[in-house]
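**Student:** Got a structure for you, questions after.
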Amino acid sequence: MMNGEEYLSSLRSMKTVVYINGDVVRDYYNHPVMKPAVNTLKATYDLASDPELDHELHSLIVTDSDLTNGRINRFLKIIRSQDDLLARMKLQRAMMRYTGGCFGGRCVAGAVIHALWSVTYEVDHENGGKTSYHEKFRNYMKMAQEKDLAISGNITDAKGDRSLPPHRQADPDLFMRIVEKNKDGIIVNGAKLQQSGAPVAHERLVVPTTALGPDDEAYAVAFAVPGDAAGVIHVNDSACVNAKFEAMESEDIGNAAFGMHQSAHILFDRVFVPWDRVFLCGEWKASRDMVHRFSDYQRFASSACRCGYIDLCIGAASAMADYNGVAGKAHIHEKLVDMSVDSETLYGLVAGSAALSTATASGVPLPETLVINAAKLYMNQAILRTGQSLAEIGGGILVTRPSSRDLKIPKVGDLLLKYHQGRKGVDVEDRLKMARLSESLSGLSSATPILSVIAAGPPATQRLNFRLMTNFKRDRKAAERLAGISDQEIETKERS
Ligand SMILES: Cc1cc2nc3c(=O)[nH]c(=O)nc-3n(C[C@H](O)[C@H](O)[C@H](O)COP(=O)(O)OP(=O)(O)OC[C@H]3O[C@@H](n4cnc5c(N)ncnc54)[C@H](O)[C@@H]3O)c2cc1C
């Protein structure tokens with residue numbers, strides 16, 4: 001496994017094309033807007049290589065591989081059991097509590113890897129051995145584990161007119177598609193938008209974003225390419241949050257090390273993919289299972305991750321309450337307890353989806369659909385409540401604290417410090433630091449609320465599962481029986 005420094009040098013050795021705010025940036029990994037994403041991924045390597053950093057996280061992040069028979073980073077492990085699912089859940093929460101930042105450059109791949117692992121297995125079986133996608137994907141994962149690569153999972157297409165399938169779009173490239181096949185491989189065109197942490201990962205692992213029909217065969221493509229493959233272009237897309245990182249001193253940015261979510265548009269301009277890295281090529285029927293599985297897996301990961309986020313908010317809120325001298329007040333306690341209830345309820349839902357998981361033919365378990373979709377919907381609201389509670393507990397200082405430059409103005413700076421004192425015995429500068437972290441965590445001035453609600457699919461897609469899978473007929477019969485309405489009457493009504 002790589003350590004953090006080796007990870008950095010591996011990024012330096014790549015020729016990844018990254019644009020930030022209009023400029024191509026060769027050493028993008030040193031750019032202020034990219035640093036949090038780099039640091040967060042670096043932490044996944046540091047924690048794996050150095051147990052002293054955090055013993056709990058180290059034991060969660062290092063695991064065994066049945067592909068290499070060696071020790072690997074859990075972000076690359078193929079989940080085979082409920083225990084593996086639960087371990088992944090614990091890792092997501094602890095990792096987020098440790099960084100408060102997005103490790104999407106590794107985490108989203110989990111969803112894509114497990115969808116592909118199970119779907120390629122089934123497709124090969126249905127093709128009666130005429131295809132060997134699963135074996136190719138297995139070899140790819142073994143290679144990634146041996147080299148300890150960060151894989152960015154790329155799902156979201158440009159999509160154009162959302163009401164139309166890929167083949168009916170005005171521009172054929174609005175969904176990722178095969179433009180050419182030759183004896184060596186395929187050439188693809190398309191774009192994957194809003195890809196968390198993509199530029200700081202080594203690999204791009206691409207799958208279709210939507211269920212496809214028979215006319216969409218060219219769009220049924222799954223493949224992997226290195227991030228610096230010819231024709232792959234990244235454009236950082238967090239422009240409004242970037243401004244803060246470029247304009248402000250690091251002391252004025254809450255969680256400057258890890259704290260900004262970074263994502264990029266990835267443009268694939270006639271990118272060549274050799275056959276050994278093509279994992280689906282025209283199997284449009286498989287796309288339905290693919291979408292269902294990666295959606296549930298990503299909802300699993302992001303819901304577990306947000307438990308760690310709420311934990312951090314509880315920590316920041318209780319520190320602010322203490323610094324402000326209101327730690328013992330009943331309404332503050334109530335809010336902190338409510339935040340904790342949200343975190344544990346969400347965790348319980350994620351754990352429940354693992355406990356009720358079902359195995360696919362490949363052995364990979366799938367989190368229970370309705371439970372994990374309930375978790376994601378619960379999380380959407382919980383994260384907004386959490387931000388509000390944190391702001392309410394911390395006070396107006398979260399958004400109004402003076403900048404570090406103001407604090408350096410002769411005389412005025414000292415006066416500002418004097419008037420920002422809290423409880424006696426608390427260092428005023430600590431209070432100011434915690435206020436800035438709280439402002440950032442609250443999400444009221446960052447991408448977090450939108451990320452939580454929209455990433456891993458907007459709420460309508462989770463609700464759809466309930467419309468399709470809730471057993472309304474069973475529940476209605478149960479209620480009507482209790483009310484003394486006979487079966488015959490029920491059937492009559494259903495016929496009419
Ligand atoms: C910060 C951030 C990070 C992300 N990270 C990743 C990542 O790492 N990897 C990745 O692959 N993706 C990522 N995403 C993308 C994310 O999964 C998508 O944003 C999400 O799936 C919604 O797609 P969209 O943004 O194109 O919204 P749209 O699809 O445009 O949705 C907007 C609204 O239109 C509705 N709508 C859309 N289509 C239809 C339809 N056919 N019928 C009826 N209603 C419809 C939706 O329900 C929604 O309410 C990220 C997104 C964000 C914001």
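The values are calculated or read from the model by the stated rules, or taken from the named source; none is laboratory data. Remember, predicted model here, so these are calculated numbers, not experimental data. Cβ sites come from the backbone with ideal geometry, for glycine too, and all protein chains shown count toward neighbours. Heavy atoms of the whole protein, side chains included, go into the accessibility calculation; ligands, DNA and RNA do not. Shrake-Rupley method; radii C 1.70, N 1.55, O 1.52, S 1.80 Å.
**Student:** Enumerate the lysines that Lys329 could reach by cross-link, defined here as Cα to Cα under 22 Å, with residues fewer than 8 away along the same chain left out.
**Tutor:** Lys424
**Student:** Next question, about the same structure. Note down the nm distance, to one decimal, between modelled labels 7 Å out along Cα→Cβ at Ala361 and at Met14.
**Tutor:** Distance between label points: 3.4 nm.
**Student:** Right, another one. Going Cα to Cα from Lys376, which aspartates and glutamates come in below 13 Å? Please leave out same-chain ones fewer than 8 positions away.
**Tutor:** Asp296, Asp342, Glu368
**Student:** With N set to the residue count of the range 168-261, report its C-alpha Rg divided by 2.2 N^0.38 Å to two decimal places.
**Tutor:** On the way: Rg = 17.6 Å, N = 94, 2.2 N^0.38 = 12.4 Å.
It is 1.42.
**Student:** How much space per residue, in cubic angstrom, does the convex hull of the C-alpha atoms of the chain take up?
**Tutor:** Values: hull volume 90.0 nm³, N = 496.
In the chain, the Cα convex hull volume per residue is 181 Å³.
**Student:** Taking 8 Å as the Cα distance limit and 6 or more residues as the minimum spacing, I'd like the relative contact order of the chain as a percentage. Spell out each step's value before the answer.
**Tutor:** On the way: 889 pairs, mean separation 81.8, N = 496.
About 16 percent, as a whole number.
**Student:** Right, another one. Give me the Kirkwood hydrodynamic radius of the range 291-474 in Å, from all C-alpha pairs, to one decimal place? Before the final figure, lay out the partial values.
**Tutor:** Working: mean 1/r = 0.0547 Å⁻¹.
Result for the range 291-474, one decimal place: 18.3 Å.
**Student:** Any chance you could look up the accessible area of Met2 with a 1.4 Å probe, heavy atoms only, rounded to 10 Å²?
**Tutor:** Roughly 30 Å² of Met2 is accessible to a 1.4 Å probe.
**Student:** Starting from the Cα of Arg405, step 7 Å toward the Cβ, then list every residue of the range 1-42 with an amide N under 18 Å from that point.
**Tutor:** In the range 1-42, the label zone of Arg405 (backbone N under 18 Å from the point 7 Å along Cα→Cβ) covers 32-33.
**Student:** For the chain, what does the accessible surface come to per residue with a 1.4 Å probe? Please give it in Å².
**Tutor:** Values: 21510 Å² over 496 residues.
Per residue, the chain has 43 Å² of solvent-accessible surface.
**Student:** Then there's this: I want to check the label-to-label distance for Tyr419 and Asp215. Put each point 7 Å from Cα in the C-beta direction and report it in nm to one decimal.
**Tutor:** Using points 7 Å along Cα→Cβ, the separation is 6.7 nm.
**Student:** Still on this structure, I have one more. Mind checking the full-extension length gain between Val179 and Leu468? Use 0.36 nm per residue of separation minus the Cα-Cα distance, one decimal, nm.
**Tutor:** Full-extension gain reported as 100.6 nm.
**Student:** So what's the net charge close to Gly185: Lys and Arg +1, Asp and Glu -1, counting the other residues with Cβ under 13 Å from its Cβ? Walk me through the intermediate numbers first.
**Tutor:** Values: positive: Lys136, Lys181, Lys183, Arg270, Arg277; negative: Glu180, Asp184, Asp276.
My count for the surroundings of Gly185 gives +2.
**Student:** In whole Hz, what ³J(HN,Hα) sequence does the range 202-210 give by Karplus (6.51, -1.76, 1.60; θ = phi - 60°), x for Gly and Pro?
**Tutor:** Using θ = phi - 60°, the values come out as 7, 10, 10, 10, 10, 9, x, 8, 9 Hz.
**Student:** In Å, what Rg and Dmax follow from the Cα atoms of the range 47-194?
**Tutor:** According to the Cα coordinates of the range 47-194, Rg and Dmax are 18.3, 55 Å.
**Student:** Work out how much length Glu344 to Asp430 would gain on full extension: take 0.36 nm times their residue separation and subtract the Cα-Cα distance, in nm to one decimal.
**Tutor:** 28.1 nm
**Student:** Further question: Grab the Cα-Cα distance for Asn69 and Arg476, subtract it from 0.36 nm times how many residues apart they are, and report the gain in nm with one decimal.
**Tutor:** Working: separation 407, 0.36 × 407 = 146.52 nm, distance 5.19 nm.
Additional length available on full extension: 141.3 nm.
**Student:** I've got another one for you. If r is the Cβ-Cβ distance from Glu5 to Lys142 and R0 is 22 Å, what FRET efficiency results, to the nearest 0.05? Before the final figure, lay out each step's value.
**Tutor:** Values: r = 25 Å, r/R0 = 1.12.
The value I calculate is 0.35.
**Student:** Label points 7 Å out from Cα along the Cβ direction at Arg270 and Lys285: separation in nm?
**Tutor:** Those two pseudo-labels are separated by 3.5 nm.
**Student:** While we're on this one: Which number gives the lysine pairs in the range 4-284 that have C-alpha atoms under 22 Å apart and are eight or more places apart or on different chains?
**Tutor:** Taking the range 4-284 as the scope, the lysine pair count is 21.
**Student:** For Lys473, which lysines qualify as cross-link partners when the Cα separation must be under 23 Å and same-chain residues fewer than eight apart are set aside?
**Tutor:** Lys473 reaches Lys493.
**Student:** Right, here's the next one. For a test of the definition: using alpha carbon positions, the gyration tensor, and the 1.5 limit on a/c, classify the range 4-284 as rounded, prolate or oblate.
**Tutor:** On the way: a/c = 1.91, a/b = 1.23, b/c = 1.56.
Here the range 4-284 falls in the oblate category.
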